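Okay, so here's the structure we're looking at.
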Amino acid sequence: MSPETEQDASGRATLALRRVAIDTYGENVAYLHRDCEVYRAEGFQALAKVEVRANGRAILATLNVVDDPAIVQNCELGLSEDAFEQLGVADGHPVSVAQAEPPESIPALFRKVGGERLGREDFAAIVRDIAQRRYSKIELTAFVVACNRGELDREEVYFLTEAMVQSGRRLDWHEPLVVDKHCIGGIPGNRTSMLVVPIVSAYGLVFPKTSSRAITSPAGTADTMAVLANVELPFEQLTGIVREHRGCLAWGGTADLSPADDVLIAVERPLSIDSPGQMVASILSKKIAAGATHLVLDIPIGPTAKVRSMPEAQRLRRLFEYVAQRMNLSLDVVITDGRQPIGRGVGPVLEARDVMQVLENDPQACDDLRQKSLRLAGRLIECSPDVRGGDGYGIARDILESGRALTQMRAIVQAQGARGFDHHHPPLGALVQEVRAPVAGVVTGIDNLQIAQVARLAGAPKVPGAGVDLQVRLGETVAAGGVLYRVHANYPADMAFARQASERLSGITLGTSAQVPHVFVEF
C-alpha cells in the first residue's frame, strides 16, 4: 500500500475524490488512473460497474480507465457531474471503491431479450435494478430494444407500470380528487399543459403537473416552463407550492417519482424509441406516483403524428384504459387533431411566447392552442362532482377570459422562481433563416416530424431561443415566395444543419384546397 493510499473504517483502501466536469447524460461514471494501486489490486475492467462509498452513502457507477493524470491522478477517484452530485461529498473527500454486485435480474433480462414473456416478479426485479442504477447502458439498451421489438402484452405493461410506481416515492395529497393531464407527444408546439394547469388550479382542483424533458421533440413542457421559471424543485418546495397554489409545472426528475423511468428515458431519447408498452408504463407510472386520481390523456392522430389512424388510436386507448383500471386511476382519453403543430412556435422560447399570448387574451394569440387547452381544461373541471358534463368548457373559458388564469400562472411562476422572461421581446436565436414557398398554392400538409427535426437541428431544446416559427396553417393560401416559417438559431453550425434539412425537405406541402386531409377526432 503506497503512502498516498489510506484505508476506511472497514479496512478498504481509500482514494481522494475528484470532481470530473463531464456531463455523461444521466449515467454515473467513475474514473481511475491505470497506474492506481486500487485499480490493479481489485482487477477492475473498463466499463465494469463499481460501488463508490463515502460517509455511509454509496452510488453505483460505470468505470472508465484513464492514462492522463490531468483527469485523475493515481491516488484519486474521479466522478462525473451526476455521480458527484449523488454522492454528496466535497472534492478531496476520501472514498472507497469496490466491484459492484451483478444485478440479480440479469437472467430475467436475458429471457426478455430472447423473446419470452415476463411475469410480475421479473419486472419488479428488473425495474428495481434499473432504479438503483445497477444496469450498464448496454444492458439498459438491451431491455428497451427487447421491449420495443417484441411488443409487451397488456399484462406485461401492467406489471412494468406497477414496478415503476413502486421504484420511487408516491405522493399522497390527502385530497379525494387530484387531477392531471398528459399528451402522448409527437405534435410540435403542443404546450396545452401550461394553459390547462393555471385554468384548472384557478378553479380549485389540485393539479401537481410534473413533466419530463423532451425525449424526441424540440421541447417538452418542462423545457418550455424553464424559460419562465425554475422547474428543478426540491421535493419539499414542490409540495409546498402545490398546497398553497393548488398546482405547479415542474420537472419530475427531482421528485424521485418513478426514478426508473428517468433512467430509461436517457436511453430511449438518443434511440428515438417510444414503444406503446413503454409509453403507457412511463406516463401512467409518473401520474400515479404524483398522486393523481383522475387523468385526461390526449392522443393526437394525423399523417405524421405518433398515431396515424383511428384504429391505432383506439388500440392504444384500450391499453391505457386497461392498465389505468388495474391501477385504480380514473382515465378519460381524448383523441385529437394531430395533422399539424399546435400554435406557431416550435422550441422553448417560441412556445412560451405562444402560451403567454393566450393567457393574456392577446388578439394575436394562437386560436388552435387556445381552443384545445380550453377543451382539455373543461374535461378536467368536469371531474368535479359539482360540474355537469358539458359545462366544463364554459367554466374554463370564463377563467381564461377573466384574467384569473393569468393571475394564477404568475403566482405559480413566482413561487417556482421567476426567470424574468419577456414574451413581448423574447430572447430568440439571433440567426434567422426564412423558408419560402417555391410556388403559390394551398397548404395541404405540415409534416410534424420534419418541422420538429428542423427545430432540433437549429438547437432546440438545448438552446431555448432556437426553433421554428410557423407562418402558415393547413388550408391557408400562400403566394409564391411567401414565408412558410422562420428558423432561429444561436450558432452558425446549427443554422447550417437546419438550413440544409429545410432545403432538402421543407415539411410544408402545397396543393389545392381539395387535397387538405380531413381527420375524424373527438375535438
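Can you tell me how many residues in the range 306-334 are in a loop (DSSP other than H, G, I, E, B) and modelled with pLDDT of 95 or more?
Total meeting the criteria: 3.
With a cut-off of at least 2 residues that are more than 32 Å from the chain's Cα centre (by Cα) and modelled with pLDDT of 95 or more, name the strands (runs of 3 or more DSSP E) lying wholly within the range 429-486.
In the range 429-486, 441-446 are the strands (runs of 3 or more DSSP E) which contain 2 or more residues that are more than 32 Å from the chain's Cα centre (by Cα) and modelled with pLDDT of 95 or more.
In the range 17-50, how many residues are modelled with pLDDT under 95, of a type in the set (D, E, K, R) and buried (at least 16 other Cβ atoms within 10 Å of the Cβ)?
4
Would you point out the residue of the range 195-211, among those that are part of a helix (DSSP H, G or I) and touching a strand residue (DSSP E or B) at 6+ places or on another chain (Cβ under 6 Å), that is surrounded by the fewest Cβ atoms within 10 Å (Cβ to Cβ)?
Ser201
Residue check: is Val358 of a type in the set (A, V, I, L, M, F, W, C) and assigned to a helix (DSSP H, G or I)?
Against the criterion (of a type in the set (A, V, I, L, M, F, W, C) and assigned to a helix (DSSP H, G or I)), Val358 qualifies.
Considering each residue of the range 398-428, count those that are surrounded by fewer than 18 Cβ atoms within 10 Å (Cβ to Cβ) and farther than 29 Å from His488 by Cβ, and give that number.
Adding up the residues that qualify gives 6.
Looking only at the range 96-139, filter to residues that are among the polar types (S, T, N, Q) and not in a loop (DSSP other than H, G, I, E, B); which one of those is surrounded by the most Cβ atoms within 10 Å (Cβ to Cβ)?
Among them, the one singled out is Ser96.
Please work out which residue is surrounded by the most Cβ atoms within 10 Å (Cβ to Cβ), limiting yourself to the range 495-514 and to residues that are under 20 Å from Tyr485 (Cβ atoms) and among the polar types (S, T, N, Q).
Ser502
Say whether the condition of being surrounded by fewer than 24 Cβ atoms within 10 Å (Cβ to Cβ) and free of Cβ contacts under 8 Å to residues at least 60 places away in the same chain is met by at least one residue in the range 289-301.
No: the range 289-301 contains no residue that is surrounded by fewer than 24 Cβ atoms within 10 Å (Cβ to Cβ) and free of Cβ contacts under 8 Å to residues at least 60 places away in the same chain.
Yes or no: the range 151-173 includes at least one residue that is of a type in the set (Lys, Arg), in contact (Cβ under 8 Å) with a residue 12 or more places away in the chain and assigned to a helix (DSSP H, G or I).
Yes: one or more hits.
When you look at Gly277, is it of a type in the set (Gly, Ala, Ser) and in a loop (DSSP other than H, G, I, E, B), yes or no?
Criteria not met by Gly277.
Quick one: in the range 225-281, of everything that is acidic (Asp, Glu) and closer than 23 Å to Asp153 by Cβ, which residue is surrounded by the fewest Cβ atoms within 10 Å (Cβ to Cβ)?
Asp274
Of the residues Asp261, Asp180, Asp223, which single one is modelled with pLDDT of 95 or more, acidic (Asp, Glu) and under 11 Å from the mean Cα position of the chain (by Cα)?
Result of the check over Asp261, Asp180, Asp223: Asp223.
Report yes if some residue within the range 143-155 is under 14 Å from Ala260 (Cβ atoms) and surrounded by fewer than 21 Cβ atoms within 10 Å (Cβ to Cβ); otherwise report no.
For the range 143-155, residues under 14 Å from Ala260 (Cβ atoms) and surrounded by fewer than 21 Cβ atoms within 10 Å (Cβ to Cβ): present.
Taking the range 386-413 on its own, how many of its residues are more than 17 Å from Asp298 (Cβ to Cβ) and without any contact (Cβ under 8 Å) to a residue 24 or more places away in the chain?
Qualifying residue count for the region: 11.
Tell me, please, whether a residue that is at pLDDT below 95, within 21 Å of Ile126 (Cβ to Cβ) and assigned to a helix (DSSP H, G or I) can be found in the range 289-304.
The answer is yes, given that some residue of the range 289-304 is at pLDDT below 95, within 21 Å of Ile126 (Cβ to Cβ) and assigned to a helix (DSSP H, G or I).
Given the conditions (1) loosely packed, with under 12 Cβ neighbours inside 10 Å; (2) closer than 30 Å to Arg410 by Cα, which single one is not true for Ala480?
Condition not satisfied by Ala480: (2).
Might you let me know whether the range 64-82 holds any residue that is buried (at least 18 other Cβ atoms within 10 Å of the Cβ), over 15 Å from Arg19 (Cα atoms), in contact (Cβ under 8 Å) with a residue 60 or more places away in the chain and hydrophobic (A, V, I, L, M, F, W, C)?
no
Given (1) out of contact with any Leu (no Cβ under 8 Å at 6 or more places or on another chain); (2) within 25 Å of Val280 (Cα to Cα); (3) not in a helix (DSSP H, G or I), identify the lone condition not met by Gln364.
With respect to (1) out of contact with any Leu (no Cβ under 8 Å at 6 or more places or on another chain); (2) within 25 Å of Val280 (Cα to Cα); (3) not in a helix (DSSP H, G or I), Gln364 is out only on (2).
If you check Gln340 against the conditions, is it assigned to a loop (DSSP other than H, G, I, E, B), touching a residue at least 12 places away in the same chain (Cβ under 8 Å) and either in the same structural domain as Gly185 (by TED's automatic domain parsing) or more than 30 Å from Glu175 (Cα to Cα) (or both)?
Judged against the criteria, Gln340 is a match.
Output the residues belonging to the range 230-256 that are modelled with pLDDT under 85, touching a strand residue (DSSP E or B) at 6+ places or on another chain (Cβ under 9 Å) and not in a helix (DSSP H, G or I).
Result: no residue meets the conditions.
State yes or no: is Pro311 more than 24 Å from Gly189 (Cα to Cα) and out of contact with any strand residue (DSSP E or B) (no Cβ under 8 Å at 6 or more places or on another chain)?
yes
Hey, could you check the range 84-95 for residues that are among the hydrophobic types (A, V, I, L, M, F, W, C) and assigned to a loop (DSSP other than H, G, I, E, B) and say which is surrounded by the fewest Cβ atoms within 10 Å (Cβ to Cβ)?
Only one residue fits best here, namely Ala90.
Check Asp274 against each of (1) in contact with an Asp or Glu (Cβ under 6 Å, 6 or more places away or on another chain); (2) of a type outside the set (A, V, I, L, M, F, W, C); (3) modelled with pLDDT under 95 and name the one condition it does not meet.
Only one criterion is unmet by Asp274, namely (1).
Which one of Val200, Val196, Val227, Val231 is of a type in the set (A, V, I, L, M), touching a residue at least 24 places away in the same chain (Cβ under 8 Å) and farther than 30 Å from Leu457 by Cα?
Val200
Here is a yes/no grid of residues against (1) among the hydrophobic types (A, V, I, L, M, F, W, C); (2) in contact with a Ser or Thr (Cβ under 9 Å, 6 or more places away or on another chain):
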| residue | (1), (2) |
| --- | --- |
| Leu77 | yes, yes |
| Gln86 | no, no |
| Ala90 | yes, no |
| Ser96 | no, yes |
| Gln99 | no, no |
| Pro102 | no, no |
| Phe110 | yes, no |
| Val113 | yes, no |
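The values are calculated or read from the model by the stated rules, or taken from the named source; none is laboratory data. This is a predicted model, so every value here is computed, not measured. Here the Cβ is made from the backbone with ideal geometry for all residues, glycine too, and neighbour counts use every protein chain on show.
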